[in-house]
Each structure stands twice: as C-alpha cells, then as structure tokens.
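See below for the structure under consideration.
Values in this text are rule-based calculations from the coordinates and carry no lab data. It should be emphasised that the depicted structure is a prediction, and the values quoted were computed from it without experimental measurement. Neighbour counts are summed over all protein chains in view; Cβ atoms, including those assigned to glycine, are modelled from backbone coordinates with ideal geometry.
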Amino acid sequence: MLPVVKHSIEELLAIPQAVELDDLSAMFALFYDRCHDLLSHSRVLNPTFAGSLDVGGADADFIVDDCLIDMKATISSQVRADFLYQLAGYLLLDYNDAYHITSVGIYMVRQGLLLKWDVSAFLQKLTGDDHASLEALRQAFQVLCQKVGRGW
C-alpha cells in the first residue's frame, strides 16, 4: 500500500478532496478574523529547543513575540490535560532560555480561540507551587530527560 509518486504540481493539487479544502479554508478564515494581528509580530515557526533531541527531536508549533503557542484542531473545545503537559514540555525543553518565553498559549483552530497564560501563572497551576521557578524546573527536567535517554 505505497502511495503513487506524484510528478507534477497538478497531481499534488488533485490529492485533497473539496471538503478538506473547505475545512482548511474555514480554519484559516477564522484565524484571520480573530488573530490577524499576530501576523505582523515577530515569529518563529516550528522552533526547536536545546533539549529537543533529549526527547526525540520535538519541535513546537510557533512562538509569537515571547509567547509559545501550540495549535489544536480538535472538534471539541475542551482543553485536555495532555495539551497542557505538551506545552509545559516545550517550555521546559528551552533549557538555555533561548526564546525568552514569558507566556504560553493554545490556539483552538476550529473554535478560533487563543488561550494564553503568563508563564508564572501557568507553572503555578501545573505544580501547585506559588514559587515555582522556571529555571529550576528546566534544570530538573533536563536531568530527568538525560537520565531517561541514557536508559536510566
């Protein structure tokens, strides 16, 4: 069951069905309607982090200014715990603070909702510790990831 190799742009453009294109178009229109101002900000697409290779090469969706944003295209508008853990993982993988992330967010693509948290509030909610230090959490996460990577 190998896909047939496409040799032209026309063949590639013939792959998606009209309903799929309509769905993508609707998601883009919603993003543009609700978040078009983000397009004029500085951004990094698919950023990788100092610790990305420690977990198999992880890359996030994007960073706008100093906000790390992960996109979710689920039908449900529910923000699941695993979404938050994934976002926290990306934040912690920036061991050397290369991106100077001060806030994190989840963009719910089908709902057009951008949910954002200040890093300190985000970490407090996840850890239950009002004094959770991003630097200390990154250091502990780095040690853990490297131990697991070496087979512990």
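Kindly express, to the nearest 10 degrees and within the range 0 to 90, the angle between helix 18-35's C-alpha long axis and the longest C-alpha principal axis of the chain. It works out to around 50 degrees.
What does a probe at ALA29 reach in the stretch 102-117, counting residues whose amide N is under 17 Å from the point 7 Å along Cα→Cβ? Residues 109-113 fall inside that zone.
Mind pulling the angle between the C-alpha long axis of helix 134-149 and the longest principal axis of the chain? Nearest 10 degrees, somewhere in 0 to 90. Roughly 70 degrees between the two axes. For the chain, relative contact order (Cα pairs under 8 Å, six or more residues apart, normalised by length) works out to 20 percent. Taking Cα atoms only, the orientation of helix 81-93 departs from the longest principal axis of the chain by about 70 degrees. Listed options for Kirkwood radius over Cα pairs in Å are (i) 18.4; (ii) 15.8; (iii) 17.6. The value calculated from this structure is the one marked (iii). Separation of the stretch 35-92 and the stretch 105-131, taken as the distance between their Cα centroids, equals 11 angstrom. Applying 1/(1 + (r/R0)^6) with r as the Cβ-Cβ distance of HIS131 and ASP66 and R0 = 25 angstrom yields a FRET efficiency of 0.70. Go ahead and run the numbers for FRET between VAL4 and PHE83, Cβ-Cβ distance against an R0 of 41 Å, rounding to 0.05. Working from the Cβ atoms, E equals 0.70.
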